1. So in the stretch 235-245, with the set limited to residues that are in contact (Cβ under 8 Å) with a residue 40 or more places away in the chain and not hydroxyl-bearing (Ser, Thr, Tyr), which one is farthest from Asn198 (Cα to Cα)?
2. Given Lys202, Lys208, Lys177, Lys172, which one is without any contact (Cβ under 8 Å) to a residue 60 or more places away in the chain, of a type in the set (Lys, Arg) and part of a loop (DSSP other than H, G, I, E, B)?
3. Would you point out the residue of the stretch 56-80, among those that are modelled with pLDDT under 95 and not charged (D, E, K, R), that is farthest from Val99 (Cα to Cα)?
4. Please go through (1) at pLDDT 95 or above; (2) closer than 29 Å to Pro254 by Cβ; (3) of a type outside the set (Ser, Thr, Tyr) for Asp53 and return the number of the only condition it doesn't satisfy.
5. So is Leu174 in contact with an Asp or Glu (Cβ under 7 Å, 6 or more places away or on another chain) and either under 29 Å from Asp100 (Cβ atoms) or of a type outside the set (Lys, Arg) (or both) or not?
6. With respect to Met167, determine if the residue is more than 24 Å from Lys107 (Cα to Cα), assigned to a helix (DSSP H, G or I) and without any contact (Cβ under 8 Å) to a residue 60 or more places away in the chain.
7. Filter the stretch 130-164 for residues that are of a type in the set (Phe, Trp, Tyr) and either in a helix (DSSP H, G or I) or free of Cβ contacts under 8 Å to residues at least 12 places away in the same chain (or both) and give the result.
8. Sort out which residues of the stretch 277-316 are free of Cβ contacts under 8 Å to residues at least 12 places away in the same chain and among the polar types (S, T, N, Q), and write them in order of number.
Amino acid sequence: MHRTRSRTGAVLGSLTALALAFTGLFTGGADTADAQARAVPEHAVTGYWQNFDNGAQVQKLSDVQNEYDIIAVAFADATATPGQVTFNLDSAGLGGYTVDQFKADIKAKQAAGKSVIISVGGEKGAVSVNDSASATAFADSVYALMQEYGFDGVDIDLENGLNSTYMSQALKSLAGKAGAGLVLTMAPQTIDMQSPSNEYFKTALAVKDILTVVNMQYYNSGSMLGCDGKVYSQGTVDFLTALACIQLENGLAPSQVGLGVPASSRAAGGGYVEPSVVNNALDCLAKGTGCGSFKPSKTYPGIRGAMTWSTNWDATSGSAWSKAVGPHVHGLP
């Protein structure tokens, strides 16, 4: 982690600072090097790994396809303390996968340059951060999980609403504990990102200085407004591009915007698109090519990439999604 030290005066102070700098090469400097080695690529693919068996192919973390740069472990569990989360590996559901194996697999993924984060929420997640006490409990408990398991950060996937004031407070507190290497992602629903006045959007903007990427869920949505005020239906290239435009034109950097889609038609109730459509949408936003009827007024070459639910459903389909979308994302300008 990055640590700062106050400057001291005179020759003695300079010598002390120099000594501390050399010490850092062998102590704190290693943390910094590790964080930089795992830095999220300019164009990145995010995948959710299921800590449960719901009919998709069961995976150990070591089985996750190499195309994924950020692996979001789904999900943390709420405790009886408001805001507090914990994590319980579903060893029985995952064929006897042990905590020690899981931790070792996290390290191995990180050694390969991947980031592994803990996702909070999901369809059934009931984590509530709506006052200072719960914000503190959230930050403290997520940081404790990062220390225990080695997670690089956290994904906010709360589908039952959030309070921008206190979630922002919690995330800033977490960043203060974790340091510059924190990976912070979000996966709001489409309705949550229709306007910068929505609580999820307000949270993203409030933590923009520490935010890695927002991978909005362009599925299980129905029709939504695009940035041009027109209505677009899910499952189309226009739905992806016209809705991404809202985020791109209302405060988020292109590097903080990703396209979240299902890995297969079985992975969601609606909104699945073929991998080629995801690639066309990325090209439309990054280069102005491959667009449908909606074409943005400018291009966003820095767009971060794509996300999928889930690495397991991807594996169930022979990894067709990651084999097609992964190289395309990594080849963006």
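1. Only one residue tops the list, namely Val237.
2. Lys208
3. Checked the stretch 56-80; the qualifying residue farthest from Val99 (Cα to Cα) is Ala80.
4. So the condition that Asp53 fails would be (2).
5. no
6. On the way: more than 24 Å from Lys107 (Cα to Cα): yes; assigned to a helix (DSSP H, G or I): yes; without any contact (Cβ under 8 Å) to a residue 60 or more places away in the chain: yes.
For Met167, the condition - more than 24 Å from Lys107 (Cα to Cα), assigned to a helix (DSSP H, G or I) and without any contact (Cβ under 8 Å) to a residue 60 or more places away in the chain - is met.
7. Phe138, Tyr143, Tyr149
8. Result: Thr289, Ser297.
The values are calculated or read from the model by the stated rules, or taken from the named source; none is laboratory data. What you see is a predicted model; the values in this text were computed from it and never measured. Note: ideal-geometry Cβ built from the backbone for every residue, glycine included; neighbour counts use all protein chains shown.
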